[in-house]
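Asks: What follows is a single structure, and I will ask about it in a moment.
The values are calculated or read from the model by the stated rules, or taken from the named source; none is laboratory data. Note that the coordinates shown come from a computational prediction; the quantities given were computed from them, not determined experimentally. Here the Cβ positions follow ideal geometry from the backbone for every residue, glycine too, while neighbour counts run over all protein chains shown. Accessible surface is based on the protein model in full, side chains and every heavy atom, while ligands, DNA and RNA are left aside. Shrake-Rupley method; radii C 1.70, N 1.55, O 1.52, S 1.80 Å.
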Amino acid sequence: MQTRRCAHCRKKIPQTDAIISSLKSFCSIEHLAEYAKTDRAKKYANKVVGKEKRIAKEKLKTRSDWQKDAQRAFNQYIRERDWGKPCVSCGATHGVTVHGGNSDAGHYRSRGSAPHLAFHLHNCHRQCVKCNRYHNGNIVEYRKELITRIGIEKLEALEQDNRPRNYTINDFQRIIKICKKKIRRCQTR
């Protein structure tokens with residue numbers, strides 16, 4: 001016979017005798033009422049409601065929403081991966097000591113012209129805001145640095161890669177999961 005503990009008095013009770021409210025068990029109605037008055041119960045209720053809201057919001061997300069979230073996670077990983085390295089285009093090291101607004105995840109082949117390479121690790125590197133946003137990626141210098149970073153063979157393969165990729169919502173969820181795991185790994189170094 002399975003037993004549960006009363007959430008109020010912590011006494012073991014058989015599961016058949018338990019009064020179950022949400023995911024908690026109680027040995028009597030009085031203990032349920034007492035528990036409901038406590039701050040601990042309110043915090044637990046907020047936690048359950050918050051989780052339900054988060055799940056409901058995820059069900060409402062469109063493919064486009066998942067794509068944006070995946071791109072955000074991927075770009076964050078690129079910035080973490082290349083943290084401390086100079087800008088791939090101009091070699092500037094300013095802003096290396098400050099997280100945030102001084103660097104972008106710049107794509108060699110832009111997401112607009114090559115959306116199939118948006119999540120390709122060789123196509124994206126840390127780039128200063130000036131080069132990425134105001135000099136259109138500074139592609140000539142970017143290419144020169146890519147030759148030294150990944151090699152001419154991989155660069156030419158990247159330039160010739162035009163295979164279409166049709167990402168699904170599951171693909172985007174997987175990208176988010178992988179990038180978050182890699183970000184945690186980078187932050188523990």
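Asks: Being touching a strand residue (DSSP E or B) at 6+ places or on another chain (Cβ under 8 Å) and of a type outside the set (V, I, T) is the filter here, so list the residues in the stretch 123-137 that pass it. Before you say what the answer is, go through the steps one by one.
Replies: Going through the stretch 123-137, the residues touching a strand residue (DSSP E or B) at 6+ places or on another chain (Cβ under 8 Å) turn out to be 123-129, 131-133, 137.
Correct list: N123, C124, H125, R126, Q127, C128, C131, N132, R133, G137.
Asks: Moving on to the next point. Can you work out which of the residues in the stretch 153-189 that are of a type in the set (D, E, K, R) and under 17 Å from R72 (Cα atoms) is nearest to the chain's Cα centre (by Cα)? First the steps, then the outcome.
Replies: Restricting attention to the stretch 153-189, the residues satisfying the condition of being of a type in the set (D, E, K, R) are 153-154, 156, 159, 161, 163, 165, 171, 174, 177, 180-182, 184-185, 189.
Add one more test, that the residue is under 17 Å from R72 (Cα atoms), and what stays is 171, 174, 177, 180-182, 184.
Working: D171: 13, R174: 10, K177: 6, K180: 5, K181: 8, K182: 10, R184: 10 Å.
Step by step, filter the stretch 153-189, then rank; the result is K180.
Asks: Looking for whichever is open to solvent by less than 100 Å² (accessible area, probe 1.4 Å), at negative phi and modelled with pLDDT under 95 here; the options are C186, C124, C179. Which one fits?
Replies: Within the list C186, C124, C179, the selection yields C186.
Asks: Filter the stretch 41-60 down to the residues that are exposed (fewer than 11 other Cβ atoms within 10 Å of the Cβ) and under 19 Å from R5 (Cβ atoms), then identify the one that is nearest to the chain's Cα centre (by Cα).
Replies: Here the residue is K47.
Asks: Would you check if E145 is more than 19 Å from D69 (Cα to Cα), touching a Gly at 6+ places or on another chain (Cβ under 9 Å) and either modelled with pLDDT under 95 or of a type in the set (D, E, K, R) (or both)?
Replies: Taking the combined requirement at face value, the residue satisfies it.
Asks: Here's another thing I want to ask about it. Tally up the residues in the stretch 3-22 that are assigned to a loop (DSSP other than H, G, I, E, B), open to solvent by 60 Å² or more (accessible area, probe 1.4 Å) and modelled with pLDDT under 80, please.
Replies: Number of matching residues: 5.
Asks: Mind listing whichever residues of the stretch 136-147 are open to solvent by less than 40 Å² (accessible area, probe 1.4 Å) and assigned to a helix (DSSP H, G or I)?
Replies: If the condition is that a residue be open to solvent by less than 40 Å² (accessible area, probe 1.4 Å) and assigned to a helix (DSSP H, G or I), then Y142, L146 are the ones that fit.
Asks: Please go through the stretch 99-133 and pick out each residue that is closer than 18 Å to L158 by Cβ and assigned to a strand (DSSP E or B).
Replies: Within the stretch 99-133, A105, G106, H107, C124, H125, R126, Q127 meet the criteria.
Asks: Out of R133, R111, which single residue is over 26 Å from I178 (Cβ atoms), surrounded by fewer than 17 Cβ atoms within 10 Å (Cβ to Cβ) and touching a residue at least 24 places away in the same chain (Cβ under 8 Å)?
Replies: Of R133, R111, the one residue that is over 26 Å from I178 (Cβ atoms), surrounded by fewer than 17 Cβ atoms within 10 Å (Cβ to Cβ) and touching a residue at least 24 places away in the same chain (Cβ under 8 Å) is R133.
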